[in-house]
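No lab work stands behind these numbers, since they all come straight from the coordinates. Computed from a predicted structure; not experimentally measured. All Cβ positions, even for glycine, are placed from backbone atoms using ideal geometry, and neighbour counts span all protein chains on display.
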Amino acid sequence: MARKPPEPVQVVKQRRDAALKALVEGVPYIGFLGIGFDRRGDELTAIMPFREMLIGNPMLPALHGGATAAFLEVTAIIELAWTSMWEDIETGRIDSAAIDARHLPRLPKTIDFTVDYLRSGLPRDAYARARVNRSGRRYASVHVEAWQDNRSRLYAQATGHFLMPTRPDASG
């Protein structure tokens, strides 16, 4: 039995990039905050570029706690959705030509989200990475860490629990 030749790397990269772009553009609030995602393989780093509108305390100045919480929650949700799509992207079950908001999976719904503010967010770009601790058919747990200039000096972290959307191929 002849084996199908592997797809060119560029085709796989384009499919990954198109899926991530559609996923992020499917949530208008992500665009409002200016959050972007840097993809390296299956690892995502969220980036929230500094803008004046993100300042909550102009006396310090410090990033608004709500902007920080939203940044962390968006990072967790996109990571969960990305992780759940990964196998379909890799195997080509998600066609890059058909990737848009109508063909993406529904996003997980937040059950609870706890943020630890470790220090004031400075008027600088912020970065975050999420780690999925558990992801089942119905429920997922995610931990997110945010930093600015130094990855080892977190300014906030969060833990969230999410209700996972029913997959079309899942039963019950």
* **Taking Tyr127, Tyr29 and counting other C-beta atoms within 10 Å, the order from fewest to most** => Tyr29, Tyr127
* **the chain, relative contact order in percent, only Cα pairs under 8 angstrom and at least six apart counted** => 23 percent
* **As computed over segment 1-62, the Cα convex hull volume per residue (Å³)** => 95 Å³
* Taking segment 3-44, which trypsin sites (Lys or Arg not before Pro) meet the DSSP loop condition and have no more than 15 other C-beta atoms within 10 Å? -> Arg3
* Roughly how compact is the chain, stated as its Cα Rg over 2.2 N^0.38 Å to two decimals? -> 1.12
* Asked: Can you list the lysines whose alpha carbon sits under 17 Å from that of Lys13, skipping same-chain ones fewer than 8 residues off?
  -> Lys21
* Asked: What is the gain in length, in nm to one decimal, between Phe32 and Leu122 on full extension, counting 0.36 nm per residue of separation less the C-alpha to C-alpha distance?
  -> 30.4 nm
* **Amide H partners (placed H, <5 Å) of Leu44, local residues excluded** => none
